[in-house]
1. Using only the alpha carbons, work out the radius of gyration and Dmax of segment 39-79 in angstrom.
2. Show me, for segment 111-125, the HN-Hα J-couplings you get by feeding each phi into the Karplus relation (A = 6.51, B = -1.76, C = 1.60, θ = phi - 60°), rounded to Hz, glycine and proline as x.
3. Can you spot the lysines whose alpha carbon is less than 26 Å from Lys103's alpha carbon? Ignore those fewer than 8 places along the same chain.
4. Just the C-alpha atoms of segment 69-162: what Rg/Rh do they give, with Rh taken as the Kirkwood radius?
5. Given the C-alpha atoms of segment 29-124, compute the convex hull and give its volume per residue in Å³.
6. Once both labels are modelled 7 Å past Cα along the beta-carbon direction, what's the Thr40-Val57 spacing in nm?
7. Send over a whole-number figure in Å² for the accessible area per residue of segment 56-162, probe 1.4 Å.
8. What relative contact order, as a whole-number percentage, does segment 106-162 give when Cα pairs under 8 Å and 6 or more residues apart are counted?
Amino acid sequence: MTASWWALRVLVVGVIAAVSLAGTGCGSIIDRAAAPDVETSTSPELVQEALEFGGWVIPAGGKILLVERRIVRNRKYLIALQTSPSDLDWMLEKSGFEASFEKAYPPFLAETIAGPDLMSSPNVRSARDTLVSSPGKGTIRQVAVDDRSQDIRIVHLEFRRV
């Protein structure tokens, strides 16, 4: 074989090795970047952060079951809380939520992060609106209400940017 053939062979093997190594490195960077940053808690700080993000007000009698913040590319908050029917009405009014609720059927769009499984509920209602808090910033607010009993409402909230 000639010297030019060996040079070409070395060049091709080098390019293949470089592409293989570069692809491996990029894949791990992409995997780490796509991994969600998730925090789940009932800490007052996380609760307040989530409520401010969604422009939401909870009644004094409301009980936060769990809050979850997910950050992949955008921020998303999930909140599960328990309240009474009258406090639910107060909460919707004070939060400026005027969308009409419709009966929801399985499979439910709402994620259950705490509380009873929606599949065991006698009645689930859901509604969605968009809150425009400042120019160019809209927040989609998805609300699912589990009419668990005559006295208890389990509310599942999801807030995410448009």
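The values are calculated or read from the model by the stated rules, or taken from the named source; none is laboratory data. Since the structure is predicted, the reported quantities are computational estimates derived from the model, not experimental observations. Neighbour counts run over all protein chains shown; Cβ positions are idealised from the backbone, glycine included. With ligands, DNA and RNA removed, areas are computed over all heavy atoms of the protein, side chains included. Shrake-Rupley method; radii C 1.70, N 1.55, O 1.52, S 1.80 Å.
1. When restricted to the Cα atoms of segment 39-79, Rg and Dmax are 10.1, 34 Å.
2. Calculated HN-Hα couplings, in order: 8, 9, 9, 7, x, x, 4, 4, 4, 8, 7, x, 7, 10, 10 Hz.
3. Straight-distance partners of Lys103: Lys63, Lys76, Lys94.
4. 0.97
5. On the way: hull volume 12.4 nm³, N = 96.
Value for segment 29-124: 129 Å³ per residue.
6. Result: 3.1 nm between the two label points.
7. Numbers: 5750 Å² over 107 residues.
Accessible surface, normalised per residue, equals 54 Å².
8. Details: 94 pairs, mean separation 18.1, N = 57.
Value for segment 106-162: 32 percent.
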